[in-house]
Amino acid sequence: MAKKQETYNEALAKLQAIVTEIEQGELDVDVLSEKVAEASRLVKVCREKLFKADEEVKKILDNLEE
């Protein structure tokens with residue numbers, strides 16, 4: 001069963017929490033690498049959602065101009 005993908009706001013909040021943890025500088029090296037990998041995944045989720053929203057807005061605006 002596929003895991004439900006986070007919403008943009010959920011992914012962004014998780015990403016911000018990871019950045020805060022990293023900035024505090026108290027993470028073990030093993031945990032740090034896991035956090036960076038998770039941050040990378042979350043950035044990809046956010047980028048995909050922003051791209052999709054941008055495309056949808058463009059289509060709507062194009063339809064208004066017809």
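Seen against the Cα atoms of the chain and their longest principal axis, helix 8-24 is set at about 30 degrees.
In the chain, the longest principal axis of the Cα atoms and the axis of helix 29-65 are about 10 degrees apart. Of the residues Phe51, Leu64, Leu12, the one whose Cα sits farthest toward the positive end of the charge dipole of the chain, with +1 on the Cβ of Lys and Arg and -1 on the Cβ of Asp and Glu, is Leu64.
Taking every lysine pair in the chain that is 8 or more places apart or spans two chains, those with Cα atoms closer than 18 Å amount to 14. Largest first, the three principal axis extents of the alpha carbons in the chain are 57, 31, 14 Å in whole numbers. Here the accessible area is traced with a 1.4 Å probe on the protein chains. For the chain, carbon and sulfur cover 57 percent of it. Rounded to the nearest 0.05, what FRET efficiency is calculated for Arg47 and Glu23 with R0 set to 22 Å and r the Cβ-Cβ distance? Calculated value: 0.50. Normalised per residue, the accessible area of the chain is 85 Å², obtained with a 1.4 Å probe and no contribution from ligands, DNA or RNA. Remark: spin-label model distance Val31-Tyr8 equals 3.2 nm, labels positioned 7 Å along the Cα→Cβ axis. Computed about the Cα centre, the dipole magnitude for the chain is approximately 240 debye when only Lys and Arg (+1) and Asp and Glu (-1) carry charge, each at its Cβ. Loop-located trypsin sites (Lys or Arg not before Pro) across the chain with a Cβ neighbour count of 15 or fewer within 10 Å are Lys3, Lys4, with loop assigned by DSSP.
The values are calculated or read from the model by the stated rules, or taken from the named source; none is laboratory data. Small disclaimer: the values here were computed from a predicted structure and weren't measured. Heads up, the Cβs are rebuilt from the backbone with ideal geometry, glycines too, and the neighbour counts pull from every protein chain shown. When the accessible area is computed, the model is the full protein with side chains, heavy atoms only, and any ligands, DNA or RNA have been set aside. Shrake-Rupley method; radii C 1.70, N 1.55, O 1.52, S 1.80 Å.
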